[in-house]
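What follows is calculated from the coordinates using simple rules that are stated; it is not laboratory data. Every value quoted in this text rests on a predicted model; they were computed, and no experiment measured them. All Cβ positions, even for glycine, are placed from backbone atoms using ideal geometry, and neighbour counts span all protein chains on display.
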Amino acid sequence: MADCIFCRIARGDIAAQVVRRSADAVAFHDLTPQAPVHVLIIPTTHYAALRDATGPDGEAMLGKLMLFAAQVATDLGLDATGYRLVTNTGPDGGQSVFHLHLHLLGGRRLAWPPG
């Protein structure tokens, strides 16, 4: 989807504070952080939500996205104390940008249950 804000960030059309980039994913700081470290991790291919990442290509992308997120967490020094990965799907799940993305949260003790 060409006009999707996350697609535009992935292409470099919109500036973002990028933490890490690969051919398959981009990680950048969230503009409204909910923790001391709050990074969004997006695939460079558009999938509206987690439920849309189906078939062999979607499954492969999800695996790459998770490994990429772990690399970003390591880059940011979160391994020693821990971090959380979250994906929101649909309006009731809190999804506001309809491009699959992970929230990497860390830098403090995170409460449970969330929300």
Under 13 Å from the Cβ of Tyr83, count the other residues' Cβ atoms, weight Lys and Arg +1, Asp and Glu -1, and hand me the total.
-> +1
Taking amide H positions as placed 1.01 Å from N in the peptide plane, with prolines and chain starts having none, which residues 5 or more places from Tyr47, or on another chain, fall under 5 Å of its amide H?
-> Leu100
One finds the C-alpha centres of the stretch 7-55 and the stretch 101-115 to be spaced, in Å, by 17
Taking 0.36 nm per residue of separation between Arg108 and Arg8 and subtracting their Cα-Cα distance, the length gained on full extension comes to 32.9 nm
Dimensionless Rg/Rh of the chain - Kirkwood Rh, Rg from C-alpha atoms = 0.94
Of 77-87, 44-54, ordering from highest average Cβ density within 10 Å down gives 44-54, 77-87
Residue by residue through the stretch 54-64, the couplings from Karplus 6.51 cos²θ - 1.76 cosθ + 1.60 with θ = phi - 60°, in Hz, x for Gly and Pro, are 10, x, x, 5, x, 4, 5, 5, 4, x, 4
Summed over the other residues with a beta carbon less than 14 angstrom from that of Thr44, with K and R at +1 and D and E at -1, the charge totals +2
So, in nm, how far is label Gln71 from label Leu85 when the simple model puts each one 7 Å beyond its Cα toward the Cβ?
-> 1.3
Per the rule of 0.36 nm per residue minus the C-alpha distance, extending Thr45 to Ala15 adds in nm 9.0 nm
Under 14 Å, Cβ to Cβ, from Arg20 - net charge with Lys/Arg +1 and Asp/Glu -1 | 0
